[in-house]
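First comes the structure, then the notes that go with it.
The values are calculated or read from the model by the stated rules, or taken from the named source; none is laboratory data. This structure is a prediction, so every number in the text was calculated from the model and none was measured. Note that each Cβ is placed from the backbone with ideal geometry, even for glycine, and that neighbours are counted across all protein chains shown. With ligands, DNA and RNA removed, areas are computed over all heavy atoms of the protein, side chains included. Shrake-Rupley method; radii C 1.70, N 1.55, O 1.52, S 1.80 Å.
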Amino acid sequence: MRKVTMTVFILIIFATLVLILKDTVLAGSLPDTGQTRCYDDSQEITCPSPSEGFYGQDANYAPCNPQSYTKLDLNGNDLPDDAPWPWAMVRDDVTGLIWEVKESKDGTQNYNNPHDADNRYTWYDGSFGKPGTGTDTEDFINAHNSAQFGGYNDWRLPTIKELSLIIDSDIPEPGPTINTDYFPNTGLSFYYWSSNIFPWHESAWAVYFGNGGVGHSNANFTDYYYARAVRGGQSTNNFTDNLDGTVSDTSTGLMWQQATAPGTYDWEQALTYCENLILNNDGEWTSGTPNASGIKYDDWRLPNRNELQSIADYSTSNPSIDTSFFPTTFSYRYWQSTTLAGDPRYSMSIQFDYGGVTNFNNYYKSSTYYVRAVRIGQCGSFVDSDGDGIPDDEDDCPLEDSTGFDVDGDGCIDSISGLTTLVETLVDEGVIDEQMRNSLLSKMDNASQSADKENICTAVNQLEALINQVNAQRGKKISDDAADQVIAYTQSVIDWYLNQLPEGETCL
């Protein structure tokens, strides 16, 4: 019964010619930075309009994925926003990660309670670092998992990118630069460890929630820092070279300028450069005015802090990025559009020699750094169903798959996997046997690659045999409803094949 029900579900989709799609990534899987105020290079200002100075900074783009959290009790159940303290965990509604919440911030460490906000640990993963006796990060995570905290045993240290995404960049130093309505008892006097080792294995990466800086220990793992456990799947970059001077990351929905912008810029110049940038249809980049070939993309902007950090590669250094996709990246500082709250003289640049995120105290917005522009993602649409790097709302064939055929006659190649899955399902249900399955799949493959009469007619004959077989099993091994759906879909494929025959030709 379960198989028949699944078949009906699959075939309803097939009958309407919506074939199996690849995984899609929605716009803005990155949460926004939280920054809502605008700044020049010395003070807070009214957010500028296009063509005005300092336009294009973080707060100029309305938050499409505002930071959003849900309190959870010890059993993982949702709690209302106004639920009183205590709660055990917090779910990030944008990333889906579940975070441990700290408690008992009373100035006294209690290592028997891994959630004690005052506990600090050395970094250790069983291979690198400094082991302790209940006082290293491996002990910290093991305590969560052995107790099955919240009913789970897959707790871990967060990656440096994950830990950075819960920073609220609208909160000034001394912080804590995190939403304390959901993350109370966040310590300020020390960093929080991540799971990422520093490139030279001297230490590990950490976040300082006093100002949101991303740095590392200088003492061969021996520093005692705070730790916060997390659970949930880790995201990875999924880059596509679009062969037009751009790189798409379908894991975040962002499209990047592949090459570093020419020259270096102060912060205001960096904003202006990106806002005026145009990629023309012939692959030429211009500023402000398209060339004769016309505009391909002109909605570039300076990336915010979370976006720029998303393409850093913390497993390598000099530069800390995947150079197979971004070959012209300098091991130096790159501007991003988020201002250091509390001191508008700074925008926390990202260092692509090793991936640090700092303000460097002595480097102002008047300093000149490198730039790489980005587009879509922030209040933009990036659903890329076929993974070709072109957003569906700009793609003439958003579901195209070169392994198939144009089943609905719209000029776009569709995946043959729809009919393949249908056939495999019917084999599982005993509607067709293995011999017929193999013959069908072979003929479908041949017919999808060639429009000659012999292949097409052979495929049509096999599909008509499939319809006869389904009718013979109607009410026996397949329900009437399921049979109707199979026949409707199969007939639509037959019609498509017949339309490929030369004019005047038919299959007997």
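For region 288-351, rounded, prolate or oblate, judged on the Cα gyration tensor with a ≥ b ≥ c (square roots of eigenvalues), a/c < 1.5 rounded, else prolate if a/b > b/c?
On the way: a/c = 2.66, a/b = 1.23, b/c = 2.15.
Oblate shape, in that a/c is at least 1.5 and b/c is the bigger or equal ratio.
Each residue of region 209-216 was assigned a 3J(HN,Hα) from its phi angle through the Karplus expression (A = 6.51, B = -1.76, C = 1.60, θ = phi - 60°), giving 7, x, 9, x, x, 10, x, 8 Hz with x at Gly and Pro. For T339, the amide hydrogen comes within under 5 Å of the amide hydrogens of D58, counting only partners 5 or more places away or on other chains and with H modelled in the peptide plane. Computing Rg and the Kirkwood Rh from the Cα coordinates of region 195-282 gives a ratio, Rg/Rh, of 1.09.
For region 276-285, the Karplus equation 6.51 cos²θ - 1.76 cosθ + 1.60, evaluated at θ = phi - 60°, returns couplings of 8, 5, 9, 9, 8, 4, 8, x, 7, 9 Hz by residue, with Gly and Pro reported as x.
Centre-to-centre separation between the Cα atoms of region 217-288 and those of region 153-170: 19 Å.
Remark: region 493-498, residue by residue, has Karplus-estimated 3J(HN,Hα) of 5, 4, 4, 5, 4, 4 Hz, where x stands for each Gly or Pro and the curve is 6.51 cos²θ - 1.76 cosθ + 1.60 at θ = phi - 60°. Note that region 67-222 presents 41 Å² accessible area per residue, ligands and nucleic acids not counted, probe 1.4 Å. For region 202-250, what's the relative contact order in percent, using C-alpha pairs closer than 8 Å and at least 6 residues apart? Once normalised by length, the contact order is 22 percent. The accessible area of F128, taken with all protein chains in place and a 1.4 Å probe, comes to roughly 80 Å². Charge tally around G132: other residues with Cβ under 13 Å, Lys/Arg +1 each, Asp/Glu -1 each, net -3. Relative contact order, whole percent, for region 176-268 stands at 17, derived from Cα pairs under 8 Å and 6 or more residues apart. Please report, as a whole percent, how much of the solvent-accessible surface of region 19-144 comes from carbon and sulfur atoms (probe radius 1.4 Å). So the carbon and sulfur contribution to the accessible surface is 47 percent. Other residues with beta-carbon under 13 Å from the beta-carbon of S317 carry, at +1 per Lys or Arg and -1 per Asp or Glu, a net charge of -4.
By the scheme Lys and Arg +1, Asp and Glu -1, what is the net charge of all other residues having a beta-carbon under 13 Å from that of D40? Present the calculation step by step, with values, prior to reporting the outcome.
Details: positive: R37, R345, K365; negative: D41, E44, E52, D266, E268, D343.
Around D40, the charge tally is -3.
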